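Peer 1: Below is one structure. I have some questions about it.
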Amino acid sequence: MKIPFHKASIDEKEINAVSDVLKSGWLTMGEKTFEFERLFSEYTGACYSVAVNSCTSALHLALKAIDLKPGDEVIIPAITFIATWEVVTYFGAVPVIADVEKDTHLLDAGSFESLITSRTKAVIAVHYSGQPCDMDRIIEIAKGRGIFVIEDAAHSLPAFYKNRPVGSIGDFTCFSFYATKTVTTGEGGMITTCDESLAERIRSLRLHGISRDAWNRYSESGTWQYDVMEAGYKYNPTDISSAIGIEQLKKSDEMNERRSCIASMYNDCFSKSEYAEIYTLKNDRISSWHLYPLKIRIESAAVSRDEFIKEMKLCGISTGVHFIPLYRFSCFTGSGLTPEAFPGSEYVFNREVSLPIFPGMAELEVEYVAENALSILAGCRK
């Protein structure tokens, strides 16, 4: 049996939606994108939603909107994708690396607070695997010091913190629609905020800084005249991708329910194992279950995390590791950051392996993954 790490839930509805856009003759950002933004705001409870071409672009624009300057500091967790760090460096600003909680893999609020200086401009809270960070605590720490709270919600659609949907909590929330995400447009992203003036600025910045209605200059009601407000970027999405996003959003709840069911099946299989530690989900939060992160009890398991991955591959099962801590990359050579300074992140990194979890997985496939995983961990696979 061959089981991929992820398979997108695409059917005739997405195909027909793309076909309709192609037949319309308008392929770039237009009415479909604005419809996608409106529906996204309704779905997440956000005041304003601005579609872009990636979550990386969304994070970049959020930092641009708060006027991040060289020398400013932005606190980010060690366990995240490299893009969370990259966007800070675009400004000549300083990414400050915080530790994570070893049970949730989320930003440790105590570590965040200890790293704040007079130069701290923002914190990027990464909602790992789909579970929201402790937003009340993070916001409490940040707001008392004038620090902007940006949520990296690349994994978290839909997700809830104390019954509040992710997308309506922090100053900005940045989503990803990459090919493996819970809602996909192939490539794409969204940024939400409740600040109207910042939302309008981001709309301009995503398309070279030109005035908002510039996209319409080739239509019957448009005009060739437009203004450039400030130097911007080419971060706009297309109506092709937005058409896919609209159809994906319609079935987001259904797909989320299926991922939650798969996570529960995995939990039932691994919760009694002496060789594995299941991921901790706080009872005041609802995860999107973009990932199912299992931690191997390396003290008792018959294999290391890396050996486990190799053995699973031999069984036809694709897995992943989320993530290599930032300070372990070559670009941090000479930074003075050492693994010993990040006990939570090191605990996670040495044990974590992400198992396949996607809506199209059959129960038989979930059982196959779990059974092989347990056999490998116990050292009894034939």
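The values are calculated or read from the model by the stated rules, or taken from the named source; none is laboratory data. All values reported here derive from a predicted model rather than from experimental measurement. Cβ coordinates were reconstructed from backbone atoms using ideal geometry, including for glycine residues, and neighbour counts include every protein chain displayed.
Peer 1: Any idea which of Ala199, Ala179 is at pLDDT 95 or above and buried (at least 16 other Cβ atoms within 10 Å of the Cβ)? Lay out the reasoning, then the answer.
Peer 2: Values: Ala179 fails: buried (at least 16 other Cβ atoms within 10 Å of the Cβ).
Going through Ala199, Ala179 in turn, the sole match is Ala199.
Peer 1: From the list Lys272, Lys282, exactly one residue is free of Cβ contacts under 8 Å to residues at least 40 places away in the same chain, part of a loop (DSSP other than H, G, I, E, B) and either on the phi > 0 side of the Ramachandran plot or charged (D, E, K, R) (or both). Which is it?
Peer 2: Details: Lys282 fails: free of Cβ contacts under 8 Å to residues at least 40 places away in the same chain.
The match here is Lys272.
Peer 1: Restrict the check to the range 353-362 and report whether at least one residue is at pLDDT 95 or above, outside any loop (DSSP other than H, G, I, E, B), within 30 Å of Ala83 (Cα to Cα) and of a type outside the set (S, T, N, Q).
Peer 2: Step one: of the range 353-362, the residues at pLDDT 95 or above are 353-362.
Checking which are outside any loop (DSSP other than H, G, I, E, B) leaves us with 353-355.
Retained after the next criterion (residues that are within 30 Å of Ala83 (Cα to Cα)): 353-355.
Those left that are additionally of a type outside the set (S, T, N, Q): 353, 355.
Yes: the range 353-362 contains one or more residues that are at pLDDT 95 or above, outside any loop (DSSP other than H, G, I, E, B), within 30 Å of Ala83 (Cα to Cα) and of a type outside the set (S, T, N, Q).
Peer 1: Give the range 1-33 a look and list any residue that's over 15 Å from Thr185 (Cα atoms) and assigned by TED's automatic domain parsing to the domain that holds Ala125, or say none.
Peer 2: Of everything in the range 1-33, those that are over 15 Å from Thr185 (Cα atoms) and assigned by TED's automatic domain parsing to the domain that holds Ala125 turn out to be Asp20, Leu22, Lys23, Ser24, Gly25, Trp26, Gly30, Glu31.
Peer 1: Hey, another quick one. Out of the range 154-175, which residues are under 20 Å from Leu281 (Cα atoms) and either out of contact with any helix residue (DSSP H, G or I) (no Cβ under 8 Å at 6 or more places or on another chain) or part of a strand (DSSP E or B) (or both)?
Peer 2: Going residue by residue through the range 154-175, those that are under 20 Å from Leu281 (Cα atoms) are 154-167, 169.
Matches in the range 154-175: Phe160, Tyr161, Asn163, Arg164, Pro165.
Peer 1: Does the range 333-352 contain at least one residue that is part of a strand (DSSP E or B), within 30 Å of Pro77 (Cα to Cα) and either modelled with pLDDT under 95 or in contact with a strand residue (DSSP E or B) (Cβ under 9 Å, 6 or more places away or on another chain) (or both)? Before you say what the answer is, go through the steps one by one.
Peer 2: Quick first cut of the range 333-352, residues part of a strand (DSSP E or B) only: 352.
Now narrow it down to the ones that are within 30 Å of Pro77 (Cα to Cα): 352.
In the following step, the residues that additionally are either modelled with pLDDT under 95 or in contact with a strand residue (DSSP E or B) (Cβ under 9 Å, 6 or more places away or on another chain) (or both) were identified as 352.
Yes, the conditions are met somewhere in the range 333-352.
Peer 1: Inspect all residues belonging to the range 151-170 and state whether any of them is farther than 30 Å from Lys7 by Cβ, crowded, with 22+ Cβ neighbours inside 10 Å and out of contact with any Cys (no Cβ under 8 Å at 6 or more places or on another chain).
Peer 2: Within the range 151-170, one or more residues are farther than 30 Å from Lys7 by Cβ, crowded, with 22+ Cβ neighbours inside 10 Å and out of contact with any Cys (no Cβ under 8 Å at 6 or more places or on another chain).
Peer 1: Moving on to the next point. Please work out which residue is surrounded by the most Cβ atoms within 10 Å (Cβ to Cβ), limiting yourself to the range 330-371 and to residues that are free of Cβ contacts under 8 Å to residues at least 40 places away in the same chain and of a type in the set (Ser, Thr, Tyr).
Peer 2: Applying the filter and picking the extreme gives Ser335.
Peer 1: In this structure, does Ser318 turn out to be under 26 Å from Lys7 (Cβ atoms), out of contact with any Pro (no Cβ under 7 Å at 6 or more places or on another chain) and polar (S, T, N, Q)? Full working, then the answer.
Peer 2: Working: under 26 Å from Lys7 (Cβ atoms): yes; out of contact with any Pro (no Cβ under 7 Å at 6 or more places or on another chain): no; polar (S, T, N, Q): yes.
No, not satisfied.
Condition check ((1) surrounded by fewer than 18 Cβ atoms within 10 Å (Cβ to Cβ); (2) closer than 30 Å to Val96 by Cβ; (3) not hydroxyl-bearing (Ser, Thr, Tyr)) across all residues:
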site: Ser260; (1), (2), (3): yes, no, no
site: Ser264; (1), (2), (3): yes, no, no
site: Thr280; (1), (2), (3): yes, yes, no
site: Asn283; (1), (2), (3): yes, no, yes
site: His290; (1), (2), (3): no, yes, yes
site: Ala301; (1), (2), (3): no, no, yes
site: Ser304; (1), (2), (3): yes, no, no
site: Val321; (1), (2), (3): yes, yes, yes
site: Leu326; (1), (2), (3): no, yes, yes
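Peer 1: Further question: Would you pick out the residues in the range 19-41 that are buried (at least 18 other Cβ atoms within 10 Å of the Cβ) and aliphatic (A, V, I, L, M)?
Peer 2: Val21, Met29
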